[in-house]
1. Cut-off 10 angstrom, C-alpha nodes, Gaussian network model of the chain. Which of Ser122, Ser48, Ser76 fluctuates the most?
2. Select from Ile14, Ile87, Ile38 the residue whose mean-square fluctuation is largest in a Gaussian network model of the chain (Cα-Cα springs shorter than 10 Å).
3. Run the simple label-point estimate for Ile4 and Ile107 please: 7 Å along Cα→C-beta, distance reported in nm.
4. Which trypsin sites (Lys or Arg not before Pro) does segment 43-131 hold that lie in a coil by DSSP with at most 13 other beta carbons within 10 Å?
5. So which lysines can Lys132 reach, going by Cα to Cα under 25 Å and dropping same-chain residues fewer than 8 places off?
6. Answer with a single label: of (1) 38, 29, 12; (2) 28, 16, 13; (3) 26, 20, 16, which was calculated as semi-axes √(5λ) of the Cα gyration tensor in Å from the structure in view?
7. Pull out the extension gain between Cys121 and Trp52, defined as 0.36 nm times the separation in residues minus the alpha carbon to alpha carbon distance; nm, one decimal.
8. Based solely on its DSSP helices, what 222 nm [θ] is calculated for the chain when runs of n ≥ 4 H residues each add -39,500 (n - 2.57) and the sum is averaged over all residues, nearest 500 deg cm²/dmol?
Amino acid sequence: MKKINYLIKNRFEIINFGFTGLTSFIINYSIFYYLSQIIGISANTSASCSFWLAAIWHFSLNKVVTFRAKSQKLMSNMIKYSLLLIINYGLTLLSLFIIINYTKINIMFNVYIATISNALCSYFFMKYIVFKK
C-alpha cells in the first residue's frame, strides 16, 4: 500500500521524469547513431559524446521541470549530479564493452541496455540526493 500511495503522490514527478528520460534517450540514441553509423567515429567516442550531450539535457530538464529545484544552488546540484553521471557513464561503457567483446549483438542495442540500467538508479538518486528538498 505504501508503494501505491508513493506512486499516486508522486505521479506527475514520475511522469515528468519519464518524459525527460525519453527525450534524453532520443538525443543519446540519435547522436550515437549519427556519429558511429553515418560519420564513422569509433563506438567509444560516439558513446561518450552522445552520453554527455544527453546528460546536459537530462540535468537541465530535471532541475527545472521534474524536481522543481530551479532555486537550488546550481553548483551543489551539479557536483552531486556529476557523481551520478560517473556511475551511469561507467555502466554505459561497461555494457558497450560486454556487447562488443562477448556478444554478436549490434552495438546500437547498447544504448537501450545503458538507458534502462541508468534510469533504474537515477530517479531515486536525483530525488533524494541531487535535488533533495
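All of the numbers you see were taken from the coordinates with simple rules; none came from a lab. Since the structure is predicted, the reported quantities are computational estimates derived from the model, not experimental observations. Here the Cβ is made from the backbone with ideal geometry for all residues, glycine too, and neighbour counts use every protein chain on show.
1. Residue with maximal mean-square fluctuation among Ser122, Ser48, Ser76: Ser76.
2. Highest fluctuation of the listed residues: Ile38.
3. Result for the modelled spin labels: 4.7 nm.
4. Values: sites: Lys63, Arg68, Lys70, Lys73, Lys80, Lys104, Lys127; in loops: Arg68, Lys70, Lys73, Lys104.
Here the trypsin sites (Lys or Arg not before Pro) that fit, given the DSSP loop and packing criteria, are Lys70, Lys73, Lys104.
5. Those lysines meeting the cut-off are Lys2, Lys3, Lys9, Lys63, Lys70, Lys73, Lys80.
6. The listed entry that was calculated here is (2).
7. Details: separation 69, 0.36 × 69 = 24.84 nm, distance 1.74 nm.
Fully extending the segment from Cys121 to Trp52 adds 23.1 nm.
8. On the way: 5 runs with 96 residues, N = 133.
Taken over the chain, the calculation gives -24500 deg cm²/dmol.
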